[in-house]
Amino acid sequence: MKHSILILGGTAEARQLAGQMAGDRRYAVELSLAGRTRSPVEQPVPVRIGGFGGAEGLADYLRRRDVKLLIDATHPYAARMSHNAVEAARLAEVPMIALRREPWQRQEGDLWHDVGSVPQAVSALGDRPRRVFLTLGRQELLPFEAAPQHHYLIRSVDPIEPALDLPQARYLTDRGPFVEADERSLLQGNEIEVIVAKNSGGPASYGKIAAARALGIEVVLIQRPELPEVASVDSVEEVLSRIDHILPPL
Ligand code: NAP
């Protein structure tokens, strides 16, 4: 008999957490991915892929699998999934905990321009043509078609297909982590004047933020969406220490 645990993932932390729990004979852990990337990195526990069909679909899943603990370790911008998780845990009466990465904090020398949404980021670039580095998901790129005057360098995990309707866009596929020295070369080599990014937090994508600070490059930073109030911690270790208090001994 094991405790069945579902981790909502898509982040490095979710993978690390699953890895730490994989060898523990008290737990049967499953990791859930949205299926946003074509070839997700290998995971240390069984994986299921794709949406559940809203909060009710997830609640059904939790009941059917007799899940004893739901862990929301999704990306901080995956707000819909986080809201669904809270509602599903309530409906299925399953305890839940969230693993939430702290946002990056502004440091001296950062030239950050905070905006509330992708369309606001597009406006913040202004009318004058600029050389822009975009590190956003595919759905978030479409609004930039409204600003074809800029020269874009777009980095994504999977190729952007079909390409955007932009006359001056170049594409780069790569998967993090990205270190500062490489990001610095990329920014300099492409004469980037401004970066548009999410405040993802964590070290894996911070290299471009540090490089921008060193080079005096502006960063248009899309602020985080509002997430539901729920018991949350900000490290894998804290999740592990909480689990023993939440789940009864076997
Ligand atoms: P979202 O808007 O919160 O989720 C949309 C729907 O996708 C959810 O309602 C759910 O479908 C499904 N979903 C999301 N995460 C899931 C998971 N772990 N397991 C199973 N289904 C999941 O999130 P998003 O559309 O994926 O992304 C929003 C933002 O987060 C974007 O900025 C994106 O770049 C960023 N982001 C997301 C991920 C990720 O793994 N999702 C990773 C990195 C960055 P149902 O309602 O049908 O259950």
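Is one or more of the residues making up segment 210-226 closer than 25 Å to LEU8 by Cα, surrounded by 13 or more Cβ atoms within 10 Å (Cβ to Cβ), more than 16 Å from the ligand (Cβ to nearest atom) and among the acidic types (Asp, Glu)?
no
Check GLU108, GLU87 and return the single one that is acidic (Asp, Glu), within 11 Å of the ligand (Cβ to nearest atom) and either in contact with a Gly (Cβ under 9 Å, 6 or more places away or on another chain) or without any contact (Cβ under 8 Å) to a residue 12 or more places away in the chain (or both). Break it down into steps so the answer makes sense when it comes.
On the way: GLU108 fails: within 11 Å of the ligand (Cβ to nearest atom).
Among GLU108, GLU87, only GLU87 is acidic (Asp, Glu), within 11 Å of the ligand (Cβ to nearest atom) and either in contact with a Gly (Cβ under 9 Å, 6 or more places away or on another chain) or without any contact (Cβ under 8 Å) to a residue 12 or more places away in the chain (or both).
Inspect segment 43-52 for any residue being within 15 Å of the ligand (Cβ to nearest atom), part of a loop (DSSP other than H, G, I, E, B) and under 30 Å from ARG213 (Cβ atoms) and give the result as yes or no. So that I can check it myself, show each step before the final result.
Taking segment 43-52 as the starting set, the residues that turn out to be within 15 Å of the ligand (Cβ to nearest atom) are 43, 45-52.
Imposing the further condition that a residue be part of a loop (DSSP other than H, G, I, E, B) reduces the set to 43, 45-46, 50-52.
Add one more test, that the residue is under 30 Å from ARG213 (Cβ atoms), and what stays is none.
So far as segment 43-52 goes, no, none of its residues is within 15 Å of the ligand (Cβ to nearest atom), part of a loop (DSSP other than H, G, I, E, B) and under 30 Å from ARG213 (Cβ atoms).
Tell me whether segment 90-99 contains one or more residues that are over 28 Å from ASP66 (Cα atoms) and of a type in the set (D, E, K, R). Let's see the steps before the verdict.
Within segment 90-99, the subset over 28 Å from ASP66 (Cα atoms) is none.
No, segment 90-99 contains no residue that is over 28 Å from ASP66 (Cα atoms) and of a type in the set (D, E, K, R).
Taking into account only those residues within segment 103-144 that are among the charged types (D, E, K, R) and over 23 Å from the mean Cα position of the chain (by Cα), which is nearest to ILE195 (Cα to Cα)? Step through it out loud before you land on a result.
So the first thing to find is which residues in segment 103-144 are among the charged types (D, E, K, R), and the list is 106, 108, 110, 114, 127-128, 130-131, 138, 140.
With over 23 Å from the mean Cα position of the chain (by Cα) added as a condition, the list becomes 108, 127-128, 130-131.
Working: GLU108: 18, ASP127: 16, ARG128: 15, ARG130: 10, ARG131: 9 Å.
Checking each candidate, the answer is ARG131.
Could you identify the single residue in GLN188, GLN139, GLN120 that is outside any loop (DSSP other than H, G, I, E, B), modelled with pLDDT under 95 and not hydroxyl-bearing (Ser, Thr, Tyr)?
Of the residues listed, the single one that is outside any loop (DSSP other than H, G, I, E, B), modelled with pLDDT under 95 and not hydroxyl-bearing (Ser, Thr, Tyr) is GLN139.
Within segment 96-115, is even one residue within 19 Å of LYS208 (Cα to Cα), among the polar types (S, T, N, Q) and crowded, with 16+ Cβ neighbours inside 10 Å? Talk me through it step by step, then tell me what you get.
Within segment 96-115, the subset within 19 Å of LYS208 (Cα to Cα) is 101-115.
From what's left, among the polar types (S, T, N, Q): 105, 107.
Checking the rest, the ones that are also crowded, with 16+ Cβ neighbours inside 10 Å come to none.
Taking every residue of segment 96-115 in turn, none turns out to be within 19 Å of LYS208 (Cα to Cα), among the polar types (S, T, N, Q) and crowded, with 16+ Cβ neighbours inside 10 Å.
When segment 59-90 is examined, which residues are found to be among the charged types (D, E, K, R) and either part of a loop (DSSP other than H, G, I, E, B) or buried (at least 18 other Cβ atoms within 10 Å of the Cβ) (or both)?
Kept after step one, since they are among the charged types (D, E, K, R), are these residues of segment 59-90: 60, 63-66, 68, 72, 80, 87, 90.
Scanning segment 59-90 gives ARG65, ASP66, LYS68, ASP72.
Identify all residues within segment 1-36 that are of a type outside the set (Lys, Arg), assigned to a helix (DSSP H, G or I) and more than 9 Å from the ligand (Cβ to nearest atom); write none if there are none.
ALA12, GLU13, GLN16, LEU17, ALA18, GLY19, GLN20, MET21, ALA22
Can you tell me which residues in segment 165-185 are over 18 Å from the mean Cα position of the chain (by Cα), assigned to a loop (DSSP other than H, G, I, E, B) and buried (at least 17 other Cβ atoms within 10 Å of the Cβ)? Outline the logic, then answer.
Of segment 165-185, the ones over 18 Å from the mean Cα position of the chain (by Cα) are 165-172, 180-185.
Keeping just the survivors that are assigned to a loop (DSSP other than H, G, I, E, B) gives 165-168.
Matches in segment 165-185: LEU166 only.
Among the residues of segment 124-143 satisfying the criterion of being surrounded by 19 or more Cβ atoms within 10 Å (Cβ to Cβ) and in contact (Cβ under 8 Å) with a residue 24 or more places away in the chain, which is nearest to the ligand (Cβ to nearest atom)?
Filtering segment 124-143 for residues surrounded by 19 or more Cβ atoms within 10 Å (Cβ to Cβ) gives 125, 132-136, 141.
Now narrow it down to the ones that are in contact (Cβ under 8 Å) with a residue 24 or more places away in the chain: 125, 132-136.
Values: LEU125: 18, VAL132: 18, PHE133: 16, LEU134: 12, THR135: 10, LEU136: 7 Å.
This residue is LEU136.
Within the set of pairs 6+ apart or on separate chains, which have a first residue in segment 29-44 that is under 10 Å from GLY10 (Cα atoms) and touching a residue at least 60 places away in the same chain (Cβ under 8 Å), a second that is in a loop (DSSP other than H, G, I, E, B) and near the ligand (Cβ under 8 Å from one of its atoms), and C-beta atoms under 8 Å apart?
ARG36/GLY10; ARG36/GLY137
The values are calculated or read from the model by the stated rules, or taken from the named source; none is laboratory data. In this text the structure is predicted, and so the values were computed from the model without any measurement. Using ideal geometry, Cβ is built from the backbone for each residue, glycine included, and neighbour counts are taken over all protein chains shown.
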